[in-house]
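Some notes on the structure that comes next.
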Amino acid sequence: MAASDRPVRVRIAPSPTGDPHVGTAYIALFNYVFAKKAGGKFVLRIEDTDQTRARADSEQMIFDALHWIGLSWDEGPDVGGPYAPYRQSERAHHYKAAAGELLDAGKAYRCFCTAERLAKVRIQQQAEKKNSGYDRHCRDADPTEARNRAAQGETHVVRLKAPLTGSVVVHDQLRGPVTIDADQIDDQVLLKSDGLPTYHLANVVDDHLMQITHVIRAEEWISSTPKHVLLYQAFDWEAPQFFHMPLLRNADKSKISKRKNPVSINYYRDVGILPHALLNFLGLMGWSFGDDREKFTLAEMVDAFAWEKVSLGGPVFNLDKLTWLNEKYIHDLDYEQLADAVISWRLNKEHLIRVLPLVRERIKKLDELIPAIEYFYSGDLDYTPVLADMKIPDATPADVGKALLDYIEKIEAREGFTAAVLEEEARKWTEALGWKAKHSFMLLRFAVTARKASPPLFETMSVLGKEITRRRLRQAAEIVGKAK
Ligand code: GLU
């Protein structure tokens with residue numbers, strides 16, 4: 001049966017490498033909508049084979065963020081399903097078996113080239129201005145000998161024998177066919193030296209085994225698709241249909257990045273964007289309702305969905321537009337619903353119980369509370385009152401701005417957003433800069449509270465949360481960096 005005739009099954013396949021990205025929600029939304037419209041299934045698969053980048057807390061954050069925004073899936077690691085397990089780290093045997101199948105058929109080979117040899121080849125290719133890529137040194141070696149070397153424990157990878165001549169045609173359903181000459185395609189690695197699969201192998205094997213009919217993913221994966229098509233051909237499997245959605249962009253049209261836009265779904269949650277507004281906004285990225293309607297529900301989008309309404313011009317993730325839409329949503333809530341929204345945001349007991357220990361000793365009457373905790377509940381701060389003090393002796397404003405950005409990187413690289421982690425990183429960072437903690441900690445205090453006095457700094461950051469803290473540090477860095 002052709003992919004187009006099989007029951008529709010789509011998937012998202014996020015890698016749990018950091019904060020839950022708005023791009024993941026965007027692609028999830030289009031998969032969800034397409035699946036529902038077609039009466040099909042929507043699968044969530046976790047692609048965690050890159051152990052160096054996977055983070056333990058990230059998977060749960062992806063589930064939570066997608067649920068918060070209002071999306072759910074029919075099959076996945078948390079809900080199970082007929083093709084379980086849905087976590088690639090638990091499916092290694094499938095990839096090994098698949099690679100073994102290609103080795104046996106002479107469609108793949110073991111490669112024993114060392115990193116040093118590959119580096120030399122690369123330098124040579126650059127000097128000769130040739131295409132870079134593997135020079136296929138091991139491709140024609142005797143397979144029996146290669147198997148013996150592997151059996152004796154020699155380090156190796158498994159590569160696909162990509163065709164040497166001809167071309168590969170990728171049919172992107174949104175763009176039409178794209179032809180890639182064979183000499184542009186490398187003998188891709190399928191299994192790495194640790195025996196784990198590459199993204200390409202695991203992705204294709206799973207899409208096949210999970211009976212995925214339509215691969216709807218971001219444009220950034222389009223360059224991987226020829227490799228996937230070659231793999232489907234090597235296995236003699238029917239490829240799914242491919243749809244590469246246009247990338248989300250910053251206002252300057254560059255690919256959306258956290259340097260220019262907050263990209264974590266949790267940021268939008270923490271600043272009080274309503275989940276339905278964010279989902280609706282993502283629905284406007286690259287798609288339009290058909291009439292001029294900009295505010296619509298998920299069910300209405302499912303109803304009206306058609307690929308013809310997708311446009312490939314890079315959709316801009318415009319914060320003003322999101323805020324405008326959010327305002328409409330707020331105004332359309334009745335007071336009961338609005339109260340519920342505010343409570344579930346931050347005005348709830350659970351959150352207050354984190355804030356109160358930081359301010360109890362500072363208030364004498366309850367009417368002093370709101371002014372004392374105001375900065376725990378507000379978004380961007382006004383640094384004017386403290387700007388003149390946001391200095392470090394002997395450091396230029398540009399250095400101070402850069403150092404703040406540097407601190408963000410340090411805390412982002414750590415798991416857990418606890419006061420202890422934040423303080424440990426701040427001490428190391430201060431020492432590396434050769435600054436005094438009394439200066440650098442004050443700088444951080446100004447950046448996250450815009451006040452001269454505040455409760456213990458790192459506890460405050462921890463309660464503010466990663467998103468708000470990061471945003472304020474970034475904004476402070478920008479303002480201080482530009483100060484004269
Ligand atoms: N693991 C890839 C990601 O992180 C999956 C891309 C795809 O959908 O094929 O998005």
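So for each of 401-410, 77-86 I average, over its residues, the number of other beta carbons within 10 Å; can you give me the resulting order with the highest mean first?
401-410, 77-86
Any idea which of Ala239, Leu433, Gly290 is furthest toward the positive side of the dipole for the chain, if Lys and Arg beta-carbons carry +1 and Asp and Glu beta-carbons -1?
Going by the Cα projections, it comes out as Leu433.
Can you compute the FRET efficiency between Ala419 and Ile370 using 1/(1 + (r/R0)^6), with r the Cβ-Cβ distance and R0 = 25 Å? Round to the nearest 0.05.
So the FRET efficiency works out to roughly 0.55.
In whole Hz and in residue order, list the ³J(HN,Hα) couplings for the stretch 448-459 that follow from phi through the Karplus curve 6.51 cos²θ - 1.76 cosθ + 1.60, θ = phi - 60°; x for Gly and Pro.
9, 10, 6, 10, 7, 10, 7, x, x, 4, 6, 5
Need the C-alpha centroid separation for the stretch 406-462 versus the stretch 83-112, integer Å.
46 Å
Quick check on the stretch 188-228: take the gyration tensor over C-alpha atoms, sort the square-rooted eigenvalues as a ≥ b ≥ c, and tell me if it's rounded (a/c under 1.5), prolate or oblate.
oblate
Do any cysteines of the chain lack a neighbour Cys whose Cβ is under 4.7 Å away, and which are they?
Those would be Cys113, since no other cysteine Cβ in the chain comes under 4.7 Å of theirs.
Determine the share of the chain's accessible area contributed by carbon and sulfur atoms, expressed in whole percent, with a 1.4 angstrom probe.
Answer for the chain is 52 percent, counting heavy atoms of protein chains only.
What FRET efficiency comes out for the pair Thr323/Gln152, r = Cβ-Cβ distance, R0 = 60 Å, nearest 0.05?
Computed FRET efficiency for Thr323 and Gln152 comes out at 0.45.
In the chain, if the dipole is taken from +1 on Lys/Arg beta carbons and -1 on Asp/Glu beta carbons about the Cα centre, which of Pro226, Val448, Ile12 is farthest to the positive end?
It is Val448.
Each label point is 7 Å from the Cα along the Cα-to-Cβ direction; what then is the distance between the points at Glu308 and Asp291, in nm?
Between Glu308 and Asp291, the label points sit 1.8 nm apart.
Rounded, prolate or oblate: which fits the stretch 294-383 when a ≥ b ≥ c are the square roots of the eigenvalues of the alpha-carbon gyration tensor, with rounded for a/c under 1.5 and prolate only if a/b beats b/c?
Prolate shape, in that a/c is at least 1.5 and a/b is the bigger ratio.
Considering amide H positions built from the backbone, and no H for Pro or chain starts, which residues 5 or more places from Arg9, or on another chain, come under 5 Å of its amide H?
Result for Arg9 returns Lys41, Thr213, His214.
Which distance in Å, rounded to a whole number, links the C-alpha centroids of the stretch 343-393 and the stretch 169-238?
Cα centroid of the stretch 343-393 versus Cα centroid of the stretch 169-238: 50 Å apart.
Shape verdict for the stretch 70-152, please, from the Cα gyration tensor: rounded (a/c under 1.5), prolate (a/b greater than b/c) or oblate.
The shape class here is oblate.
What does the extension gain come out to for Ala127 and Leu209, with contour length at 0.36 nm per residue minus their alpha carbon separation?
25.2 nm is the gain from fully extending Ala127 to Leu209.
I'd like to check one number: the per residue accessible area of the chain, probe 1.4 Å, reported in Å² as a whole number.
It amounts to 49 Å² per residue over the chain.
Rounded to the nearest 5, what % of the DSSP beta bridges within the chain are antiparallel ones?
55 percent
Roughly what would the spin-label model give for His137 and Gln241, points 7 Å off Cα along C-beta, in nm?
4.5 nm
Run the dipole for the chain about the Cα centre, Lys and Arg Cβ at +1, Asp and Glu Cβ at -1, nothing else charged, and hand back the magnitude in debye, nearest 20.
1220 debye
The values are calculated or read from the model by the stated rules, or taken from the named source; none is laboratory data. All values reported here derive from a predicted model rather than from experimental measurement. Cβ: placed from backbone, ideal geometry, glycine included. Neighbour counts: every protein chain shown. Please note that ligands, DNA and RNA were not included when accessible areas were found on the heavy atoms of the full protein model with its side chains. Shrake-Rupley method; radii C 1.70, N 1.55, O 1.52, S 1.80 Å.
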